[in-house]
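Structure first, then comments.
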Amino acid sequence: MPTVTINADDFGLNEHCSKAIAETFEKGLVTDTTMMATGEYFDEAVALAKERGFIDQIGIHLNLTEGVPLTDEIKRCPRFVTEGRFNKKYDRTKRLTTEEKDAIYKELTAQTEKIQAAGITITHADSHHHIHTGLFVAPIASRVCHEHGINKIRLHRNAGQIPLLKRIVKGIFNKWLRKQGFITTDYFAYVMDIDGFKVPDNTEIMIHPDYDKDGKLIDRRGMENGSPIGNPIPPYGAQPKIILRGYKEL
């Protein structure tokens with residue numbers, strides 16, 4: 001039977017998605033979540049995880065694209081920050097200056113240490129908008145993880161319909177991650193990459209729990225008129241031929 005890891009991204013980003021993530025744990029829809037140290041709901045999310053009993057199932061959601069940075073150095077990098085906030089303009093194809101590399105290292109270190117200081121043993125790492133898969137950020141993210149005892153990490157997406165050239169590039173990156181000593185799943189996918197409940201063995205599936213305008217729990221895929229939109233979260237754990245396995249069990 002295939003083993004599947006279901007990770008809920010963006011814990012701590014805001015109140016509604018954090019509470020939605022807590023509900024997915026209660027309903028057995030996820031195995032893990034990853035926390036944004038820069039999220040506006042960070043402190044409340046930590047308390048929520050302790051209260052609901054999933055404090056030991058939290059990784060880090062490294063972030064350089066949304067919210068307010070924790071360090072001053074990155075705020076002086078206009079490629080990443082505008083008027084004190086991450087500007088969502090990170091271009092993974094452009095080289096970083098020495099100053100930018102140093103600023104990113106300090107910011108990701110601060111994010112990691114903030115989560116650890118909250119009493120969370122970080123189980124694994126991934127990132128907001130997949131910044132850890134960027135050619136020039138990846139070595140910095142790898143260094144920060146190794147320095148803080150994080151040895152499990154999300155792959156570059158390698159399931160579903162992917163053009164050949166991109167599949168080759170992603171495959172090279174994933175081999176690099178493993179050469180860095182990281183433990184990974186064999187596959188990483190979005191829900192839309194999976195054919196029903198036919199999931200390859202040792203796959204991580206990413207979801208973004210949230211509530212739509214009617215208060216229904218969904219896997220957020222975008223926004224419409226200021227409200228999250230998406231589809232119901234598939235109950236992988238309820239399938240008799242699928243075994244859910246969290247990152248701490250990898």
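The values are calculated or read from the model by the stated rules, or taken from the named source; none is laboratory data. Please read these numbers as outputs of a predicted model, since none were measured by experiment. Virtual Cβ from ideal backbone geometry, glycine too; neighbours counted across all protein chains shown. Ligands, DNA and RNA are stripped out before the accessible areas are found, and what is left, the full protein with its side chains, is counted by its heavy atoms. Shrake-Rupley method; radii C 1.70, N 1.55, O 1.52, S 1.80 Å.
Obtain the nm distance between the two label points defined at residue 82 and residue 26 by a simple spin-label model: each point lies 7 Å from its Cα along the Cα-to-C-beta direction.
3.9 nm
Using every pair of alpha-carbon atoms in the chain, split the distances into 5 Å bins beginning at 0 and state the percent of pairs per bin, rounded to integers.
Calculated over all Cα pairs of the chain, the distribution is 1, 6, 14, 18, 20, 18, 14, 7, 2, 0, 0 percent.
Which far-off residues, 5 or more places away or on another chain, put their amide H under 5 Å from the one on residue 152, with H placed in the peptide plane?
125, 183
Roughly speaking, what % of Cα-Cα pairs in the range 19-159 are separated by over 23 Å, rounded to a whole number?
33 percent
Separation between the residue 225 and residue 40 pseudo-spin-labels, each 7 Å from Cα along Cα→Cβ, expressed in nm?
2.2 nm
If you place +1 on the Cβ of every Lys and Arg and -1 on the Cβ of every Asp and Glu, how big does the dipole about the Cα centre of the chain come out, in debye to the nearest 20?
Charge dipole, the chain, about its Cα centre: 1040 debye, nearest 20.
Let me test this: with uniform point scatterers at the alpha carbons of the range 172-250, what is the Debye-based log₁₀ I(q)/I(0) at q = 0.13, 0.17, 0.26 1/Å?
Log-scaled intensity ratios, in q order: -0.53, -0.81, -1.21.
When only Cα pairs under 8 Å and 6 or more residues apart are kept, what is the percent relative contact order across the chain?
Result for the chain is 25 percent.
Tell me, what % of the accessible area of the range 124-250 is carbon and sulfur with a 1.4 angstrom probe? Don't jump to the answer; show the numbers that get you there.
Values: 3610 of 6480 Å².
Carbon and sulfur atoms account for 56 percent of the accessible area of the range 124-250.
Considering only DSSP beta bridges where both residues belong to the range 115-250, give the percentage that are antiparallel (nearest 5). Show your work: numbers first, answer last.
Values: 9 of 15 bridges.
If we restrict to bridges inside the range 115-250, about 60 percent are antiparallel.
Quick one: which of 141-152, 234-245 comes out on top by average Cβ neighbours within 10 Å, and what's the full order, highest first? Present the calculation step by step, with values, prior to reporting the outcome.
Numbers: 141-152: 17.8, 234-245: 15.2.
Per-residue Cβ counts within 10 Å, averaged per peptide and sorted highest first, yield 141-152, 234-245.
Probe of 1.4 angstrom, ligands and nucleic acids ignored: what's the accessible area per residue over the range 1-149, in square angstrom?
Here the per-residue accessible area is 41 Å².
Would you compute, from DSSP H runs of 4+ residues alone, the mean residue ellipticity of the chain at 222 nm, taking -39500 (n - 2.57) per run and dividing by the full residue count, rounded to the nearest 500?
Calculated at 222 nm, the ellipticity per residue is -9000 deg cm²/dmol.
How big, on average over all directions, is the shadow cast by the Cα convex hull of the range 87-198, in nm²?
Reported value for the Cα convex hull: 8.5 nm².
Considering Cα pairs under 8 angstrom that are at least six residues apart, work out the relative contact order of the range 183-229 and quote it in whole percent.
27 percent
State, in angstrom, two size descriptors of the range 1-51 derived from its alpha carbons: Rg to one decimal place and Dmax to the nearest whole number.
11.2, 39
Restricted to Cα positions, what overall size does the range 80-122 have along the principal axes? Three whole-Å values, descending.
Reported extents, whole Å, longest axis first: 35, 22, 16.
Using a/c under 1.5 as the rounded threshold, could you call the range 98-155 rounded, prolate or oblate? The axes a ≥ b ≥ c are square roots of the C-alpha gyration tensor eigenvalues, and prolate needs a/b larger than b/c, oblate otherwise.
Taking the square roots of the gyration eigenvalues as a ≥ b ≥ c, the range 98-155 is oblate.
Roughly what percent of Cα-Cα pairs across the range 29-112 reach past 15 Å?
Here the tail beyond 15 Å accounts for 61 percent of pairs.
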